[in-house]
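The structure under discussion appears below in the form of structure tokens.
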Amino acid sequence: MSTGSGTQIEHVFREQYGRAVAVLARFLGDIDVAEEAVQEAFAIALERWPRDGEPPSPAGWIITTARNRAIDRFRREAARGDRHAEALLLHARAQDQETPVNDDRLRLIFTCCHPALSWGSQVALTLRLLGGLTTAEIAHAFLTSEATMAQRLTRAKGKIRDAGIPYRVPSDTDLPERLNAVLEVVYLIFNEGYLASSGQTLSRGELSAEAIRLGRVLVELMPDEPEARGLLGLMLLIDSRRPARTTESSALVTLAEQDRTRWDRTLISEGRALVRRCLREDRPGPYQIQAAINAVHSEAASVRDTDWTQIIMLYDQLLLYLPTPIVALNRAAAVAEVAGAEAALAAVEQLDLDDYHLFHAIRAELLPRLGRNDEAVRAHQAALDLTENRAEREFLLRSAAPR
Amino acid sequence: MKHYLLSIYQPAGELPPGDLKKIMADVRHVDEELRSAGAWVFSGGLHPPETATVLRRRDSAMTMTDGPFTEAKEHIGGLTIIAVPDLDAALAWGRKLSAATTLPVEVRPFQGVA
């Protein structure tokens, strides 16, 4: 029999928090009240499970306990004439308890990633409500104070409630656009963790793990959406390079210089299986194509062995969906491997990316090959100047470049 | 049903170039659509800000000033109040109104459950 120790409860908490909040939010009609009820249920679990043992279905126990506690409280408050509690009680009684839990989590995801909320709020809500991260953890990951993050979360939940952001999966007509917003939030969380892994604090790496976990949930909940699968594949393939991406002293190692034997083969094979499935389904989209680009990198033993022609073709396809200068810059870097520095530089110089450090970094790489060393030195300096600028990091986060 | 205020923001001074007749017709069309959907509560266009008067209580006296509360680059040129189930429905109407007026539209919820 399970002893239900504190760490086990913590595990159940991480795994089940989002699910429980999602069910309770539908049932109780209020996210704040749902969170409170779920937290109360976990507090009771912390007290009881070590004594009585873990129940057979921990998640079900948490949900039932939270629901019963909330209803008890509404009854008491309604009996004292609290009209809000009365309304909540009526809402709870009207709810069909048999709705599948998966639908609840999906509803919560779409609520957290509603476009009427700011980016920062969408990310924070998703991590808090679906990921079960504490406010302190989220604040730490985004290098802000706990008070600021708490305020942001309160404000966002207040807007959901007061502005009447609906708690439901969008209609078929709105779904593609809304799904895209959800995928962007998850990818943003992933990148925040991935890009910050050099130097800064270790815990930020957990953001990538959390994003991958959310990506898995999306694929599970929306098995017919190839872009969800593409995003998961993309994140897994990028994350597979994490062990080779930094030196022991946390310095960044470029793709060309990485020790490819250190790449995580398990992540690569899972990522590639997802890409293959996307190819079979043949409903391409930007995340799937980016995953495919990373899959091509993953099968090459070195930069020289990489199928650059295939990568250029994929970038051409990606440009149809994301016609951004950053995608064009990445394409140009691939062109350098096939058609040489002169052709690549011609493509790079056309781009309006003066504020982007990689624009200068790539120029600094190409120019010496053409004997233009003075210009290369200046380009390198420009890249360095911009890299020290924190704003560039934000810029990077919005880019779709494989790294 | 929840009530939402849709405010149409208009730049100060001259109206933006555009076919005013077509805009008026488009706005009227949205209005009719709102009414037949049963979502219409109120709508109207406003005279320019210089026609406004501001009342302020100072100590025990009430003062009156000529002109708008604040001079701004944009002001509310008109407003529509709608009754719909949730923000998504309100935003869908807001989108139509913004397209018809060719101006930004702010969607803001009223307090209370109506």
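Tell me the residue from A:84, A:140, A:91 that is open to solvent by 60 Å² or more (accessible area, probe 1.4 Å), in a helix (DSSP H, G or I), within 14 Å of chain B (Cβ to nearest Cβ) and in contact (Cβ under 8 Å) with a residue 40 or more places away in the chain, please.
Checking each option against the conditions leaves just A:91.
Among the residues of the range A:143-194, those that are of a type outside the set (Val, Ile, Thr), in a loop (DSSP other than H, G, I, E, B), closer than 19 Å to residue A:26 by Cα and open to solvent by 20 Å² or more (accessible area, probe 1.4 Å) comprise A:167, A:168, A:171.
Can residue A:125 be described as within 21 Å of residue A:218 (Cα to Cα) and in a helix (DSSP H, G or I)? Answer is yes for this residue. Applying the criterion of being buried (at least 21 other Cβ atoms within 10 Å of the Cβ) and in contact with a helix residue (DSSP H, G or I) (Cβ under 6 Å, 6 or more places away or on another chain) to the residues of the range A:111-120, the residue that is nearest to residue A:183 (Cα to Cα) is A:113. Taken over the range B:1-51, the criterion of being of a type in the set (Lys, Arg), assigned to a strand (DSSP E or B) and at pLDDT below 90 is satisfied by no residue.
Table: residues versus (1) assigned to a helix (DSSP H, G or I); (2) open to solvent by 60 Å² or more (accessible area, probe 1.4 Å).
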{"position": "A:290", "(1), (2)": "yes, no"}
{"position": "A:297", "(1), (2)": "yes, no"}
{"position": "A:301", "(1), (2)": "no, yes"}
{"position": "A:317", "(1), (2)": "yes, yes"}
{"position": "A:326", "(1), (2)": "yes, no"}
{"position": "A:336", "(1), (2)": "yes, no"}
{"position": "A:342", "(1), (2)": "yes, yes"}
{"position": "A:348", "(1), (2)": "yes, no"}
{"position": "A:352", "(1), (2)": "no, yes"}
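Reported count of residues in the range B:92-111, each being within 14 Å of another protein chain (Cβ to nearest Cβ), open to solvent by 50 Å² or more (accessible area, probe 1.4 Å) and either in contact with a strand residue (DSSP E or B) (Cβ under 8 Å, 6 or more places away or on another chain) or closer than 22 Å to residue A:177 by Cα (or both), is 4. Within the range B:1-38, the set of residues being of a type in the set (Lys, Arg) and touching a residue at least 40 places away in the same chain (Cβ under 8 Å) comprises just one member, B:2. Kindly check whether there is at least one residue in the range B:74-96 that is over 23 Å from residue A:165 (Cα atoms), of a type in the set (D, E, K, R) and out of contact with any Cys (no Cβ under 6 Å at 6 or more places or on another chain). Checked against the condition, which is being over 23 Å from residue A:165 (Cα atoms), of a type in the set (D, E, K, R) and out of contact with any Cys (no Cβ under 6 Å at 6 or more places or on another chain), the range B:74-96 yields at least one hit. Whenever a residue of the range A:49-64 is open to solvent by 40 Å² or more (accessible area, probe 1.4 Å), its partners that are modelled with pLDDT of 90 or more, lying with C-beta atoms within less than 6 angstrom and at least six residues away or across chains, give the pairs A:61/A:55. Taken over the range A:212-268, the criterion of being buried (at least 17 other Cβ atoms within 10 Å of the Cβ) and not in a helix (DSSP H, G or I) is satisfied by A:222, A:225, A:240, A:241, A:258, A:263, A:264.
The condition (being closer than 25 Å to residue A:152 by Cα and basic (Lys, Arg)) is satisfied by just one residue among A:26, A:51, A:69, A:76: A:26. Within 14 Å of chain A (Cβ to nearest Cβ) and more than 14 Å from the chain's Cα centre (by Cα): does that describe residue B:89? Yes; evaluated as a whole, the condition is true for this residue. In the condition set (1) within 14 Å of chain A (Cβ to nearest Cβ); (2) over 25 Å from residue A:177 (Cα atoms), residue B:52 is compliant with all but (1).
The values are calculated or read from the model by the stated rules, or taken from the named source; none is laboratory data. Please read all numbers here as calculations on a predicted model, not as lab measurements. Here Cβ is always computed from backbone atoms with ideal geometry, including for glycine, and neighbour counts include all displayed protein chains. Ligands, DNA and RNA are excluded from the accessible area calculation, which covers all protein heavy atoms including side chains. Shrake-Rupley method; radii C 1.70, N 1.55, O 1.52, S 1.80 Å.
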